[in-house]
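K.L.:
A single structure is presented below for examination.
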Amino acid sequence: MLNIGLSIRGAGWHPAAHDTGEFGPGRPRDWSALARQADGAGVDLLSFEDGPALDGVSASFDSFALANWLAPQTARIGLLPTATITALEPFHTATAVATLDHTSHGRAGVRLRVGLLEAEARAVGRQTWLSRAQFSTLSPDEISAATLPGFDEAWEFGQVLRLLWDSWEDDAEIRDLATGRFIDRDKIHNPGFRGHHFSVHGASITPRPPQGQPPVLALAHQRIPYEFAAAVSDIVAITPFSGGDRERILVEVREAADRVGREGAPIKVWGDVNVHFGRLNLDQFSSDAQLVAGSPGEVLEQLAAFSEGLDGIRVRPLDTNADTTIFLADVLPQLRSEVPTGRTLRDRLGLVPAPNQYVAAPAFTADFRAAHRLEASA
């Protein structure tokens, strides 16, 4: 069954979308209306782009605060804020995602984003990586060499998230009034993680999420990002531009999973796709993902072809208000015959249960560093 997600970037993925004034990234009522509309239409997950407001990008709400605010206003849809690793710490991110999972009763996930652009790193006082100009001048091998340290840090970040989510066993809270005991301390585990980039000893301050391990999504376009996604994520979002391109990338993802030694649950593969129904000037738009545009019927036909062989698609509306409304009303009902069900987001996405790794085998194992012969963490 095909899963469907929405990826929202402020007023829209088109740079001129903000000029329409129809969706205000700083207006809570607009986010509330969007989330309720998507929830009622049967969308499986709603992800929020996030990052510093640089280079003229309109500021929006912090994606974690926004997702937690929307959680009690929705009933079924998964909520995925974006964690930009350059700007965040894994302990705080792990507790934020766990809190969202409790708030939403098992509908939280997280998109891990490395955040390698020079301006972004500088904004938070970090080591600079690559400028936008360098991405167009360097060869793929040069880009890989320049970005490998960032993805190595991201790999550690992902490991710490999962260790912290599992640091409380499911039944660690006993709340025994007779004895005055709130937790069973034998069921609280200290990760004791010491890596090249992070060191974390103590357990999470938040009990284990209802899902155990909220779904992790990573967007990937090249070899190293594919390896990172295969090593740390439940879902990888890819960006094919044709059927042949899709088949090539699917092979690359499988090969990446082999290189990092992924064992257990296979990674789910989704496709990111831009969608527009014709109001904005497309000459002003460029993207790392395919553009599908036209009438609802034309978009439906293109999306049906685009989604072949994929577990799901993540739709990027170029105009958040107009394109989302048309997509939900006129395309989504025809794109799939039934809506996935499940108590949690993991269930809805067809992910296997996630046992606590301190007492059972985890859903999957992998090692990003194995693919690059990097020194293991202590």
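K.L.:
Among the candidates 304, 329, 354, 360, single out the residue that is surrounded by fewer than 16 Cβ atoms within 10 Å (Cβ to Cβ) and not in a helix (DSSP H, G or I). Even if it seems obvious, please write down each step before you answer.
P.N.:
Numbers: 304 fails: not in a helix (DSSP H, G or I); 329 fails: not in a helix (DSSP H, G or I); 354 fails: surrounded by fewer than 16 Cβ atoms within 10 Å (Cβ to Cβ).
None of the others qualify; the one that does is 360.
K.L.:
Here are 232, 260, 299: which of them is closer than 30 Å to residue 172 by Cα, at pLDDT 95 or above, surrounded by 19 or more Cβ atoms within 10 Å (Cβ to Cβ) and hydrophobic (A, V, I, L, M, F, W, C)? Break it down into steps so the answer makes sense when it comes.
P.N.:
On the way: 260 fails: closer than 30 Å to residue 172 by Cα; 299 fails: closer than 30 Å to residue 172 by Cα.
Residue meeting the stated conditions: 232.
K.L.:
Identify, please: which residue in segment 249-262 is out of contact with any Asp or Glu (no Cβ under 7 Å at 6 or more places or on another chain) and either assigned to a loop (DSSP other than H, G, I, E, B) or touching a residue at least 40 places away in the same chain (Cβ under 8 Å) (or both) and is, among those, nearest to residue 9 (Cα to Cα)? It would help to see each step written out before you state the result.
P.N.:
Narrowing segment 249-262 to residues out of contact with any Asp or Glu (no Cβ under 7 Å at 6 or more places or on another chain): 249-255, 257-258, 262.
Keeping just the survivors that are either assigned to a loop (DSSP other than H, G, I, E, B) or touching a residue at least 40 places away in the same chain (Cβ under 8 Å) (or both) gives 250, 257, 262.
Values: 250: 26, 257: 29, 262: 31 Å.
Only one residue tops the list, namely 250.
K.L.:
Hey, another quick one. Which residues, taken from segment 1-12, are at pLDDT 95 or above and of a type in the set (A, V, I, L, M, F, W, C)?
P.N.:
Answer for segment 1-12, where residues must be at pLDDT 95 or above and of a type in the set (A, V, I, L, M, F, W, C): 2, 4, 6, 8.
K.L.:
To continue, here is another question. Do we find that residue 174 is assigned to a strand (DSSP E or B) and at negative phi in this structure? Walk me through it before giving the result.
P.N.:
Numbers: assigned to a strand (DSSP E or B): yes; at negative phi: yes.
Yes, satisfied.
K.L.:
Something else: Search segment 93-113 for residues being closer than 18 Å to residue 155 by Cβ and not charged (D, E, K, R), and hand back the single one that is surrounded by the fewest Cβ atoms within 10 Å (Cβ to Cβ). Give the steps one after another, and end with the answer.
P.N.:
So in segment 93-113, the residues closer than 18 Å to residue 155 by Cβ come out as 93-94, 97, 110-113.
Narrowing the set further to residues that are not charged (D, E, K, R) leaves 93-94, 97, 110, 112.
Numbers: 93: 22, 94: 27, 97: 27, 110: 28, 112: 24.
Going through the qualifying residues, I end up with 93.
K.L.:
Inside segment 192-221, can you point out the residues that are closer than 26 Å to residue 116 by Cβ, of a type outside the set (Gly, Ala, Ser) and modelled with pLDDT under 95? Spell out how you get there, then give the answer.
P.N.:
Our first condition is that a residue be closer than 26 Å to residue 116 by Cβ; within segment 192-221, this holds for 193-200, 213-221.
Checking the rest, the ones that are also of a type outside the set (Gly, Ala, Ser) come to 193-194, 196-198, 200, 213-217, 219, 221.
Those that are closer than 26 Å to residue 116 by Cβ, of a type outside the set (Gly, Ala, Ser) and modelled with pLDDT under 95: 193, 194, 196, 197, 198, 200, 221.
K.L.:
Shifting gears a bit: For the structure I just gave you, tell me whether residue 292 is among the β-branched types (Val, Ile, Thr), crowded, with 20+ Cβ neighbours inside 10 Å and in contact with an Asp or Glu (Cβ under 7 Å, 6 or more places away or on another chain). Reasoning before the result, please.
P.N.:
Numbers: among the β-branched types (Val, Ile, Thr): yes; crowded, with 20+ Cβ neighbours inside 10 Å: yes; in contact with an Asp or Glu (Cβ under 7 Å, 6 or more places away or on another chain): no.
Here the answer is no, as residue 292 does not meet what is asked.
K.L.:
Any residue that is free of Cβ contacts under 8 Å to residues at least 40 places away in the same chain and part of a loop (DSSP other than H, G, I, E, B) - is there at least one of those in segment 140-160? Spell out how you get there, then give the answer.
P.N.:
Of segment 140-160, the ones free of Cβ contacts under 8 Å to residues at least 40 places away in the same chain are 141-142, 145-146, 149.
From what is left, the residues that are part of a loop (DSSP other than H, G, I, E, B) are none.
Checked segment 140-160: no residue is free of Cβ contacts under 8 Å to residues at least 40 places away in the same chain and part of a loop (DSSP other than H, G, I, E, B).
K.L.:
Still on this structure, please answer the following. State whether the residues of segment 38-46 include one that is touching a residue at least 40 places away in the same chain (Cβ under 8 Å), outside any helix (DSSP H, G or I), open to solvent by 50 Å² or more (accessible area, probe 1.4 Å) and among the hydrophobic types (A, V, I, L, M, F, W, C). Even if it seems obvious, please write down each step before you answer.
P.N.:
Quick first cut of segment 38-46, residues touching a residue at least 40 places away in the same chain (Cβ under 8 Å) only: 38, 41-46.
Imposing the further condition that a residue be outside any helix (DSSP H, G or I) reduces the set to 42-46.
Checking the rest, the ones that are also open to solvent by 50 Å² or more (accessible area, probe 1.4 Å) come to none.
Looking for residues that are touching a residue at least 40 places away in the same chain (Cβ under 8 Å), outside any helix (DSSP H, G or I), open to solvent by 50 Å² or more (accessible area, probe 1.4 Å) and among the hydrophobic types (A, V, I, L, M, F, W, C), one finds none in segment 38-46, hence no.
K.L.:
Turning to a different aspect of this structure: I'd like the full set of residues that are more than 22 Å from the chain's Cα centre (by Cα) and either part of a loop (DSSP other than H, G, I, E, B) or without any contact (Cβ under 8 Å) to a residue 12 or more places away in the chain (or both), limited to segment 192-206.
P.N.:
Quick first cut of segment 192-206, residues more than 22 Å from the chain's Cα centre (by Cα) only: 192-196, 199-203, 205.
Within segment 192-206, 192, 195, 196, 199, 201, 202, 203, 205 qualify.
K.L.:
Have a look at 163, 138, 117, 88 and point out the one that is open to solvent by 20 Å² or more (accessible area, probe 1.4 Å), at pLDDT below 90 and within 20 Å of the chain's Cα centre (by Cα).
P.N.:
Only one candidate passes the filter, namely 117.
K.L.:
Out of curiosity, is residue 224 closer than 14 Å to residue 155 by Cβ, β-branched (Val, Ile, Thr) and assigned to a helix (DSSP H, G or I)?
P.N.:
Working: closer than 14 Å to residue 155 by Cβ: yes; β-branched (Val, Ile, Thr): yes; assigned to a helix (DSSP H, G or I): yes.
Yes: the conditions hold for residue 224.
K.L.:
Any idea how many residues of segment 263-286 are more than 22 Å from the chain's Cα centre (by Cα), loosely packed, with under 13 Cβ neighbours inside 10 Å and either modelled with pLDDT of 95 or more or assigned to a helix (DSSP H, G or I) (or both)?
P.N.:
Here the count works out to 2.
K.L.:
A further question on this structure: Just checking, how many residues over segment 57-85 are free of Cβ contacts under 8 Å to residues at least 24 places away in the same chain, open to solvent by 10 Å² or more (accessible area, probe 1.4 Å) and within 25 Å of residue 166 (Cα to Cα)? Full working, then the answer.
P.N.:
Taking segment 57-85 as the starting set, the residues that turn out to be free of Cβ contacts under 8 Å to residues at least 24 places away in the same chain are 62-63, 65.
With open to solvent by 10 Å² or more (accessible area, probe 1.4 Å) added as a condition, the list becomes 62, 65.
Within this subset, residues satisfying the condition of being within 25 Å of residue 166 (Cα to Cα) are 65.
Number satisfying all stated conditions: 1.
The values are calculated or read from the model by the stated rules, or taken from the named source; none is laboratory data. On a predicted model such as this, the values are computed, not experimentally measured, just so you know. Note that we place each Cβ from the backbone using ideal geometry, even for glycine, and neighbour counts take in every protein chain shown. All accessible areas refer to the heavy atoms of the entire protein, side chains included, with ligands and DNA or RNA removed. Shrake-Rupley method; radii C 1.70, N 1.55, O 1.52, S 1.80 Å.
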